[in-house]
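First up is the structure itself, then whatever we jot down about it.
The values are calculated or read from the model by the stated rules, or taken from the named source; none is laboratory data. The shown structure was predicted, so the numbers you read here are calculated from the model rather than taken from an experiment. Counting neighbours? That spans all protein chains shown, and the Cβs are built from the backbone with ideal geometry, glycine included.
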Amino acid sequence: MKLLTRTNIYFIGITLVVFSLGGEVFYERVHGINKFDASERLEQEKNKIQSFVNINHELPGNSISLGDSVAFSIAVLAEADKTGHVKLYNSSEKEYEPYQTLEFTINSGTQLYTAIIYRPLLETDDLTTAIVEAMLIIGTCLFVVLLLSNFILSKLIWSPFYKTLEKIKTFDFTRESLVEFDKTSIVEFKTLNNVLKTITEKIASDYRTLKEFTENASHEMQTPLSIIQSKLELLIQSENLNAEQMHEVQAVYEASSRLAKLNQALLLLAKIENNQFSNSKKIQLDELIRNKIVFFEELIKHKNISIETNLEAFSIQIHPVLADIMVSNLIGNAIKHNQDGGGISIVLNQTQLSIRNSGKPLSIDPEQLFQRFQKADSSSGSLGLGLSIIKEICSVYHFKLSYKFDGKMHIISILF
Amino acid sequence: MRILVIEDEKQLAEAIMTYMKTEGFDCDMAATFDSGYEKALVNSYDCILLDITLPGGNGLEILKELKKKNPGSGVIIISAKNSLDDRIMGLDLGADDYLNKPFHLSELNARLKSLLRRKFFKGSEEIEYKDFRVNIKEKTLLVKGELVILTKKEFDLLLFFLANPDRVITKESITEHLWGEQLSTVDSFDFIYSHVKNLRKKIMDKGGADYIQTVYGMGYKFAVK
């Protein structure tokens, strides 16, 4: 949920609560005033009637225009004033309407009378409707104003925050070492930017140090590995080794070869990450793929793999060595993980390259396929770095690498 | 043939020299920039194996001077730097080949022989060994005068064997020789096996002797039994 959406939801909630409570209070107040006002009026009318009777010693009849209806009846005893509420049927509006009444005893000098004055009150329904309507209009106006001001304010106030967010989202510490944030006068955002700057610089520099270390370590290992390998190669030539010794030497030789290969692959990865393949050239990809298929021809035949291609002429801007490694690894991978008599299909068009090969389903999580040292089969001679190298190359050139298994075929696609 | 090994790792230089001496080469060694510089420029070598990172200086400087003074010498750079720039610069400066450490001695030997053949036996691109006549340029093999049809890889394999006769050649070095360094993704040892089998069969079908021995688990040896 966006910050703005969340704020707006709160605004809706607050407006609803405030306005329903406010409406309630408002209703009570208006209702109270209405009743108070009715009592006062009734009292005034009572006084008018009283004074009329005192002067004329008879009941007013219709000669006084009172506005409210009044009814007289003969009383036996004088009683105290009584106020009350009744509902009377209004024949013109065909509904009951509320009235406030004042009942009092009046003495004309000869006779006691009970007088009741009826004064219509504001109808509850009308009052409620009026208030709800008023509240809705005010509430909506207020809400719209809040929305607008929220929108404008967030554009204004939060803009440094969103800028920072955008910067940090696109920041790739494997490629760049510094992230520059825009200046802001808000203390909180300033702090945020400073903290982020420190963190990203630290991450980038640690990452760089680590990469440099990997590369240097790999370099330093090359020479001792050379010595081990060449000495072993001489030892193998020796005529004096018996079968058992030869077997031991062979094991050491194989292990050292593996180590050398591993080291080379790690060195290559470090070099790609350290941007040492920066010169790019236009490489005709379809041509490169065709050449690689010829290069692997005998391996493909050896495994009785049928290969079909559908290659459109397409070129990309890439370092020639990386292009070579990428295509070699992709095709090599499709051969290696294929079964005897399986198939490979390579499709290249203007947007993507996809290589499909038959083979056993993965024994590892496809999500981890491109991670280093992930091997489908731990006993195989594979280093588990081939796909990581492809992934690294793709990330340098911002190609999108993906893997799918459709039940029969493994599909690796590179979206350019 | 005289060879100079300029390499500061004594053990590696010795291993190279031991291998090369049994190939019949006359080998000298230099372990620093200065001694390498002096030996390379004073004496005349057919080929120099040159390390780039040397105590006292960059091996490429020796290459520069050498090409001015003695352009006929072959140079193979052996480097642990695996740097593409070094490779390009080295080849631009006139090096004939470039080999990354760690390398197989059999591979170095094959490259060295191929270089010497190119440099010193121009025109006669033929190798003769027992009943074999191999024409490098035409990529043909004659066994007892009869043409044997080989695939490109089989031919490369044969040349690799011929460059290292009477040696145990490991399957790892064959794989690298045929498929290059990057091929860590393809487990091609059983492929090498069937490849060698085919080559052997093709030669024997034409009446050639079985020169390729299997060294169990290790690799192969091209030799007369």
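Where residues in the stretch B:202-217 are of a type in the set (A, V, I, L, M) and in contact with a strand residue (DSSP E or B) (Cβ under 8 Å, 6 or more places away or on another chain), which of them is farthest from A:TYR253 (Cα to Cα)?
The extreme case among them is B:ILE203.
A:SER278 - would you say it is surrounded by fewer than 19 Cβ atoms within 10 Å (Cβ to Cβ), at pLDDT below 90, under 39 Å from the mean Cα position of the chain (by Cα) and small (Gly, Ala, Ser)?
Considered against the rule, which asks whether it is surrounded by fewer than 19 Cβ atoms within 10 Å (Cβ to Cβ), at pLDDT below 90, under 39 Å from the mean Cα position of the chain (by Cα) and small (Gly, Ala, Ser), A:SER278 comes out as yes.
Please go through (1) at pLDDT 85 or above; (2) exposed (fewer than 12 other Cβ atoms within 10 Å of the Cβ) for A:ILE355 and return the number of the only condition it doesn't satisfy.
Going through (1) at pLDDT 85 or above; (2) exposed (fewer than 12 other Cβ atoms within 10 Å of the Cβ) one by one, A:ILE355 breaks only (2).
Go through (1) touching an Asp or Glu at 6+ places or on another chain (Cβ under 9 Å); (2) surrounded by 14 or more Cβ atoms within 10 Å (Cβ to Cβ) for B:ILE174 and report which single condition fails.
Against the list (1) touching an Asp or Glu at 6+ places or on another chain (Cβ under 9 Å); (2) surrounded by 14 or more Cβ atoms within 10 Å (Cβ to Cβ), B:ILE174 comes up short only on (1).
Given the condition within 12 Å of another protein chain (Cβ to nearest Cβ) and among the aromatic types (Phe, Trp, Tyr), answer yes or no: does some residue in the stretch A:200-216 qualify?
no
Quick grid of which residues meet (1) within 14 Å of chain A (Cβ to nearest Cβ); (2) surrounded by 14 or more Cβ atoms within 10 Å (Cβ to Cβ); (3) out of contact with any helix residue (DSSP H, G or I) (no Cβ under 6 Å at 6 or more places or on another chain):
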| position | (1), (2), (3) |
| --- | --- |
| B:ARG2 | no, yes, yes |
| B:ILE6 | no, yes, no |
| B:LYS10 | yes, no, yes |
| B:GLU14 | yes, yes, yes |
| B:LYS21 | yes, no, yes |
| B:PHE33 | no, yes, yes |
| B:LEU41 | no, yes, no |
| B:TYR45 | no, yes, yes |
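Just give me the residues in the stretch B:87-117 being out of contact with any helix residue (DSSP H, G or I) (no Cβ under 8 Å at 6 or more places or on another chain), touching a residue at least 24 places away in the same chain (Cβ under 8 Å) and charged (D, E, K, R), in sequence order.
Within the stretch B:87-117, B:ARG111 is the sole residue that qualifies.
Determine the pairs where a residue that is within 11 Å of chain A (Cβ to nearest Cβ), located within the stretch B:195-220, has a partner that is among the hydroxyl-bearing types (Ser, Thr, Tyr) and part of a helix (DSSP H, G or I) with Cβ atoms under 8 Å apart, the partner being 6 or more residues away or on another chain.
Qualifying pairs under 8 Å: B:MET218/A:TYR253; B:GLY219/B:SER173.
Does A:ASP125 fit the bill of being loosely packed, with under 12 Cβ neighbours inside 10 Å and in the same structural domain as A:VAL70 (by TED's automatic domain parsing)?
Judged against the criteria, A:ASP125 is a match.
Here is a list: B:ASP97, B:ASP86. Which entry is buried (at least 18 other Cβ atoms within 10 Å of the Cβ), of a type in the set (D, E, K, R) and over 16 Å from B:LEU112 (Cα atoms)?
The conditions single out B:ASP86.
Hey, does the stretch A:178-188 have a residue that's within 14 Å of chain B (Cβ to nearest Cβ), outside any helix (DSSP H, G or I), among the acidic types (Asp, Glu) and farther than 22 Å from A:PHE373 by Cβ?
Scanning the stretch A:178-188 turns up no residue that is within 14 Å of chain B (Cβ to nearest Cβ), outside any helix (DSSP H, G or I), among the acidic types (Asp, Glu) and farther than 22 Å from A:PHE373 by Cβ.
Does A:ILE227 qualify as being without any contact (Cβ under 8 Å) to a residue 60 or more places away in the chain, surrounded by 13 or more Cβ atoms within 10 Å (Cβ to Cβ) and of a type in the set (Val, Ile, Thr)?
Considered against the rule, which asks whether it is without any contact (Cβ under 8 Å) to a residue 60 or more places away in the chain, surrounded by 13 or more Cβ atoms within 10 Å (Cβ to Cβ) and of a type in the set (Val, Ile, Thr), A:ILE227 comes out as yes.
For the stretch B:47-55, indicate whether the set of residues that are away from every other protein chain (no Cβ under 14 Å) and either surrounded by fewer than 19 Cβ atoms within 10 Å (Cβ to Cβ) or within 13 Å of B:LYS101 (Cβ to Cβ) (or both) is non-empty.
Within the stretch B:47-55 (the criterion being away from every other protein chain (no Cβ under 14 Å) and either surrounded by fewer than 19 Cβ atoms within 10 Å (Cβ to Cβ) or within 13 Å of B:LYS101 (Cβ to Cβ) (or both)), the answer is yes, since at least one residue qualifies.
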